[in-house]
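Down below is the structure, laid out as structure tokens.
The values are calculated or read from the model by the stated rules, or taken from the named source; none is laboratory data. Everything numeric here is computed off the predicted structure, so don't read it as measured data. Note: ideal-geometry Cβ built from the backbone for every residue, glycine included; neighbour counts use all protein chains shown.
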């Protein structure tokens, strides 16, 4: 998935064109968000297809649809607690009109796991990714500004992930290293 366009839109919302991002910085954010999305999709699929009872075989052949609560549970399992609480709070306020991350791609990803998606779940999921993107951009921009730059590069994003505990923990969880 290419999240470059929505990342760029989020950047302009956060910094109103006063801060930019390098091509490599954009690429690194895209890779990081893809890893998060991939693991969240897998976790979400597991939550609706496996039930720890004798009904497991039936659940595998007839999974329940993914709803907002399932996406929330997947986020809580993947993200550090502090970050999960924040992104879930933001996702609760999101609407399909307010989210710039592509809900159709999220829906397709979830459907690729042969699971049905209830209306609103893809918006909730996209909002979680968008909020993570906003935070990385905001912190990356602050790091750049503190060092006399108006350009977010991989260096500033790496600083965020190294020194912001929730992001450091998330990078470790999704096995992500900046180039």
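Filter segment 154-176 for residues that are more than 17 Å from residue 26 (Cβ to Cβ) and outside any helix (DSSP H, G or I) and give the result.
164, 174, 175
What do you reckon, is residue 129 under 15 Å from residue 33 (Cα atoms), modelled with pLDDT of 95 or more and either under 13 Å from the mean Cα position of the chain (by Cα) or crowded, with 22+ Cβ neighbours inside 10 Å (or both)?
Yes; evaluated as a whole, the condition is true for this residue.
What number of residues within segment 135-153 satisfy the criterion of being surrounded by 19 or more Cβ atoms within 10 Å (Cβ to Cβ), in contact (Cβ under 8 Å) with a residue 24 or more places away in the chain and in a helix (DSSP H, G or I)?
Final tally of qualifying residues: 7.
Which residue pairs have Cβ atoms under 7 Å apart, sit 6 or more places apart or on different chains, and have a first residue in segment 93-108 that is touching a residue at least 60 places away in the same chain (Cβ under 8 Å) and a second that is surrounded by fewer than 18 Cβ atoms within 10 Å (Cβ to Cβ) and part of a loop (DSSP other than H, G, I, E, B)?
Qualifying pairs under 7 Å: 105/1.
Got a sec? Which helices (runs of 4 or more DSSP H) wholly within segment 1-73 have at least 2 residues that are in contact with a strand residue (DSSP E or B) (Cβ under 7 Å, 6 or more places away or on another chain), under 22 Å from residue 108 (Cα atoms) and at pLDDT 85 or above?
So the answer is 23-49.
Just give me the residues in segment 88-126 being buried (at least 21 other Cβ atoms within 10 Å of the Cβ), at pLDDT 90 or above and under 14 Å from residue 37 (Cα atoms), in sequence order.
Selection gives 101, 121, 122, 123, 124, 125, 126.
So is residue 65 over 22 Å from residue 4 (Cα atoms) and touching a residue at least 60 places away in the same chain (Cβ under 8 Å) or not? Outline the logic, then answer.
Details: over 22 Å from residue 4 (Cα atoms): yes; touching a residue at least 60 places away in the same chain (Cβ under 8 Å): no.
In short, no.
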